[in-house]
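*Asks:* Below is the structure I would like to discuss, written out as structure tokens.
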Amino acid sequence: MRSLPVIVERKSPWHRAFQLAAVLAVIAFFFFVTNVAENFSASRWAIALTLTVAILGLNIVTGYSGQISIGHSAFFGIGAYTTMILIADHGWPFLATLPVAGALGFAVGAVIGIPALRIRGLYLSLITLGLALAFPAIVKSDNFFGIDFASITGGSNGKVISNGDVTKTEGFHWNPPSWAPHGWTTNDWTFATVFVIALLMFAMTSNLIRSSVGRGLIAMRDNETGAAVSGVYPAQYKVLAFATSALVTSIGGGCFALASSTIGPDTFGLQRSIEFIAGLVIGGVATILGPFIGGVLVEWLPYWAFEVNWPILGRLEGPQAGVLYGAILVVIIFFMPGGIVHGLRQIRSKFVVMVPRLPAAQEFSTAPIVAYELDGSHIEPDHEIEIAQPTAKERYQ
Amino acid sequence: MGILAVPGIDDKFFNLTLFLQNLTNALANGAVYALMALTVVMIYKTTGHLNFAQGEMAMFSTFIVYVLVIEQGFNVWAAIVLVVLGSMVVGAGIERILIQPLERRSVLAPVILTLGLFFILNGGAATIWGTQPHSPIPAPFPGKLDDKVDIITNRVPHFFVTYKAIGVWITLVVLVLLLNLLLKRTKLGLAYRAVAANAESSLIVGIPVKRMLMLGWALAAGIGAIAGAVIAQYRNVLDFNFMAAVLLFGFAAACVGGFDSILGAVVGGLLVGVVETFTPALFTFVGSELSLVMVLLVILIVLYFRPQGLFGSKRVERV
């Protein structure tokens, strides 16, 4: 009898233990960044978290609905600019700007999503490719159908998060409140804020995917006509998916404005969109943990590529890091097509298999089996008949 | 502020020669986009993929032409022929080695792969040849300042057509004619079209489908190599990023014309060129940096009324 893999039923104590371990890992990550890691890295981690939220949004469209969007940098930018403008020019508190950023992203996503009803797969990727390239141009434009965007967005100079004059030292600062742990810097507090928002977005998306909406999306991805026949109304679901995905990404963008405190039009170009896609693919398409891993890698990989002295390659320079990036993408898509999460799951499945909890096995009557002769006389069984209840492990082998 | 800005030196008057000059520029730019759209179509017809690395492949080929011509002293056309052949082999190889194994996995996988190739080629070229623009640029056509046909000289400004622009048109026409000959008059072309129409049935009647997919990539890479060299001269720029924007307009052209139509690629390319040049010139409410947005609008409009593009064929799907 093999002892591995161990079979763990969902909602059993062992499964709860695994879940507890995951929660502890999240808490440990939080304490690592706020207490152990260097101060400058807290702000980088905050930026990484905003990217994870953006990729999470992309995952709704690309992972669960199976449509490739190359335009999520634009939604990221919409969120970032909304938050930035409301804070810097109108003096709003940061948290109040996020709903506005999300709503704006949702609205623009719905507008883009409506033509997406007619267009599938490659066409959507083209439209969104155009969107990614158009966004910086629109932000810089001083004459977009007569609207002077550049005066609102700061044009190609971008915007800095501060009230009014950039050169003044007063203005917007995201200082830790008095009840925050002693010794927290602004960076730590920024990270903590983004951390909580990211946690909320991950929980929300996870729930969305497990709801009937999520199942409808997945059904539509796998077979659109089949899903439509089964009662999933494609038009509604597609627009909803695209708009929700834009909402999540815009909220990521809003946090990005806080975390990076300086934004410019070219922060939100095609390069950013491709980073999102790369992050999603590397992390794991259509998983909840994938965007987290992907976002962290997208933010830290270039840093590691530049700063670390590689064994053979030595220190990499700008374009070479691009080559490395591309090579990682190709290698991942070839050897780990599901991304890191699927790779980890495969390794885990060698040791532990999670199975859904089935309804309790059927209760068998414990009364002795009684048999009769043809003439009606009673036969005593010569031994007890034992009906074996299958164990969880046997049921799956 | 009026809505219409008549293209001219003086906004009040229509200037014929300036209009014609704009039109030739638009059509020459359009022909450039049509060249890239052709490469998009050649791959899409059989494999149904978009190759996002197409522009970078063309850029890489152009750099090799540059090395052969400027550094090694080859004749320009000899170098182009060599590079085209080499690119075709590499294109077919990429399809065989990198794309085919991913074919069955998902729609996403080949797209990601071509995005990865984009980074590798882009960064590779920047590493090898630096990020600065290169000059002199190998010139397939006479490209000096007075290499032009003067048509109207008694007005200001003069109306002339440069040899470079004519060269782009000739390249486009010759390529389209050759492709038509290949596809319509040869057995190879027949097989290619059969695979484009129905891959499974083609397999049943004994057509080597996989080789036809490789042929699509080879043709696209070859056309891309020619297009790269011609575009570099026409636009007078050769650096590691010069094809990125061109490819986007090429995609737009293919999208407008229909992804599986050669004629559509040409018409779509010219249309995109005209829209790109004329909307900022005609309407005051469109800033000149927004030509890209205008092209995006054209795509949206075309997709709304004819999702398969102007000349594309509808795909019927069985469930």
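*Asks:* Hey, among B:Leu282, B:Leu290, which residue is surrounded by fewer than 22 Cβ atoms within 10 Å (Cβ to Cβ) and over 21 Å from B:Val168 (Cβ atoms)?
*Replies:* Values: B:Leu290 fails: surrounded by fewer than 22 Cβ atoms within 10 Å (Cβ to Cβ).
Exactly one of B:Leu282, B:Leu290 is surrounded by fewer than 22 Cβ atoms within 10 Å (Cβ to Cβ) and over 21 Å from B:Val168 (Cβ atoms), namely B:Leu282.
*Asks:* Restricted to the range A:3-37, and to residues that are part of a loop (DSSP other than H, G, I, E, B) and touching a residue at least 24 places away in the same chain (Cβ under 8 Å), which residue is nearest to A:Val355 (Cα to Cα)?
*Replies:* Going residue by residue through the range A:3-37, those that are part of a loop (DSSP other than H, G, I, E, B) are A:3-5, A:10-12, A:37.
Those still in the list that are touching a residue at least 24 places away in the same chain (Cβ under 8 Å) too: A:4-5, A:10-12.
Values: A:Leu4: 14, A:Pro5: 12, A:Arg10: 6, A:Lys11: 10, A:Ser12: 10 Å.
Within the range A:3-37, the match that is nearest to A:Val355 (Cα to Cα) is A:Arg10.
Conditions (1) over 30 Å from B:Pro280 (Cα atoms); (2) among the aromatic types (Phe, Trp, Tyr), marked per residue:
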position: A:Phe76; (1), (2): no, yes
position: A:Tyr81; (1), (2): no, yes
position: A:Trp92; (1), (2): yes, yes
position: A:Leu98; (1), (2): yes, no
position: A:Gly102; (1), (2): yes, no
position: A:Val111; (1), (2): no, no
position: A:Ile127; (1), (2): no, no
position: A:Leu133; (1), (2): no, no
position: A:Phe145; (1), (2): no, yes
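*Asks:* Looking at B:Val83, B:Val67 in this structure, which one is over 26 Å from A:Leu126 (Cα atoms), under 18 Å from the mean Cα position of the chain (by Cα) and at pLDDT 90 or above?
*Replies:* When all the criteria are applied, what remains is B:Val83.
*Asks:* Taking the range A:132-149, which residues are hydrophobic (A, V, I, L, M, F, W, C) and at the interface with chain B (Cβ under 7 Å from one of its Cβ atoms)? Let's see the steps before the verdict.
*Replies:* Initially, the range A:132-149 is screened for residues hydrophobic (A, V, I, L, M, F, W, C), giving A:132-135, A:137-139, A:144-145, A:147, A:149.
Scanning the range A:132-149 gives A:Leu133, A:Ala134, A:Ala137, A:Ile138, A:Phe144, A:Phe145.
*Asks:* Go through the residues of the range A:303-321 one by one and say whether even a single one is of a type in the set (Phe, Trp, Tyr), at pLDDT below 65, surrounded by 11 or more Cβ atoms within 10 Å (Cβ to Cβ) and in a strand (DSSP E or B). Please lay out each step first, then the result.
*Replies:* If we filter the range A:303-321 for residues that are of a type in the set (Phe, Trp, Tyr), which is where we start, we get A:303-304, A:306, A:310.
Keeping just the survivors that are at pLDDT below 65 gives A:310.
Checking which are surrounded by 11 or more Cβ atoms within 10 Å (Cβ to Cβ) leaves us with A:310.
Cutting the leftovers down to in a strand (DSSP E or B) gives us A:310.
Checked the range A:303-321: at least one residue is of a type in the set (Phe, Trp, Tyr), at pLDDT below 65, surrounded by 11 or more Cβ atoms within 10 Å (Cβ to Cβ) and in a strand (DSSP E or B).
*Asks:* Note down all Cβ pairs under 8 Å where the first residue falls in the range B:148-164 and is acidic (Asp, Glu), the second is in a strand (DSSP E or B), and they're at least six residues apart or on different chains.
*Replies:* Pairs found: B:Asp150/B:Phe159; B:Asp150/B:Phe160.
*Asks:* Considering only the range A:143-255, give the helices (runs of 4 or more DSSP H) lying wholly within it that have at least 2 residues that are aromatic (Phe, Trp, Tyr) and at pLDDT 85 or above.
*Replies:* The helices (runs of 4 or more DSSP H) meeting that bar are A:186-210.
*Asks:* List pairs: first residue in the range A:144-157 and aromatic (Phe, Trp, Tyr), second residue part of a helix (DSSP H, G or I) anywhere in the structure, Cβ distance under 7 angstrom, at least six positions apart or on different chains.
*Replies:* That search, which allows pairs on different chains as well, returns A:Phe144/A:Ile138; A:Phe144/B:Leu290; A:Phe149/A:Ile138; A:Phe149/A:Val139.
One line per residue, one yes/no per condition, for (1) more than 12 Å from chain A (Cβ to nearest Cβ); (2) assigned to a helix (DSSP H, G or I); (3) more than 23 Å from B:Gly257 (Cβ to Cβ):
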position: B:Met57; (1), (2), (3): yes, yes, no
position: B:Thr62; (1), (2), (3): yes, yes, yes
position: B:Val67; (1), (2), (3): yes, yes, yes
position: B:Ile70; (1), (2), (3): yes, yes, yes
position: B:Gly73; (1), (2), (3): yes, no, yes
position: B:Ala78; (1), (2), (3): yes, yes, yes
position: B:Val81; (1), (2), (3): yes, yes, yes
position: B:Val84; (1), (2), (3): yes, yes, yes
position: B:Gly91; (1), (2), (3): yes, yes, no
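*Asks:* Could you give every pair whose Cβ atoms fall below 6 Å, whose first residue belongs to the range B:125-146 and is more than 10 Å from chain A (Cβ to nearest Cβ), and whose second residue is surrounded by fewer than 19 Cβ atoms within 10 Å (Cβ to Cβ) and assigned to a loop (DSSP other than H, G, I, E, B), counting only separations of at least 6 or pairs across chains?
*Replies:* B:Pro133/B:Val237; B:Pro133/B:Asp239
*Asks:* Of a type in the set (S, T, N, Q), in a helix (DSSP H, G or I) and under 16 Å from B:Ala245 (Cβ atoms): is that true of B:Asn22 in this structure?
*Replies:* On the way: of a type in the set (S, T, N, Q): yes; in a helix (DSSP H, G or I): yes; under 16 Å from B:Ala245 (Cβ atoms): no.
No, not satisfied.
*Asks:* Name the single residue, out of those in the range A:176-191 being within 10 Å of A:Ser43 (Cα to Cα) and of a type outside the set (Val, Ile, Thr), that is surrounded by the fewest Cβ atoms within 10 Å (Cβ to Cβ).
*Replies:* So the residue we want is A:Trp189.
*Asks:* If A:Ile277 meets every condition in (1) in a helix (DSSP H, G or I); (2) among the β-branched types (Val, Ile, Thr); (3) farther than 19 Å from A:Ala134 by Cα; (4) within 14 Å of chain B (Cβ to nearest Cβ) apart from one, which number is that one?
*Replies:* Status for A:Ile277: all satisfied but (3).
*Asks:* On to the next question. Of A:Val330, A:Val353, which residue is touching a Gly at 6+ places or on another chain (Cβ under 8 Å), outside any loop (DSSP other than H, G, I, E, B) and either away from every other protein chain (no Cβ under 12 Å) or at pLDDT 70 or above (or both)? Outline the logic, then answer.
*Replies:* Numbers: A:Val353 fails: touching a Gly at 6+ places or on another chain (Cβ under 8 Å).
Unique residue meeting the criteria: A:Val330.
*Asks:* May I pose another question? Does A:Gly231 meet the test of being away from chain B (no Cβ under 14 Å), of a type in the set (Gly, Ala, Ser), surrounded by fewer than 24 Cβ atoms within 10 Å (Cβ to Cβ) and over 20 Å from the mean Cα position of the chain (by Cα)? Let's see the steps before the verdict.
*Replies:* On the way: away from chain B (no Cβ under 14 Å): yes; of a type in the set (Gly, Ala, Ser): yes; surrounded by fewer than 24 Cβ atoms within 10 Å (Cβ to Cβ): yes; over 20 Å from the mean Cα position of the chain (by Cα): yes.
Against the criterion (away from chain B (no Cβ under 14 Å), of a type in the set (Gly, Ala, Ser), surrounded by fewer than 24 Cβ atoms within 10 Å (Cβ to Cβ) and over 20 Å from the mean Cα position of the chain (by Cα)), A:Gly231 qualifies.
The values are calculated or read from the model by the stated rules, or taken from the named source; none is laboratory data. For clarity, every value in this text was computed on a predicted model and none was experimentally measured. For neighbour counting, all protein chains shown are included, and Cβ atoms are generated from backbone atoms with ideal geometry for every residue, glycine included.
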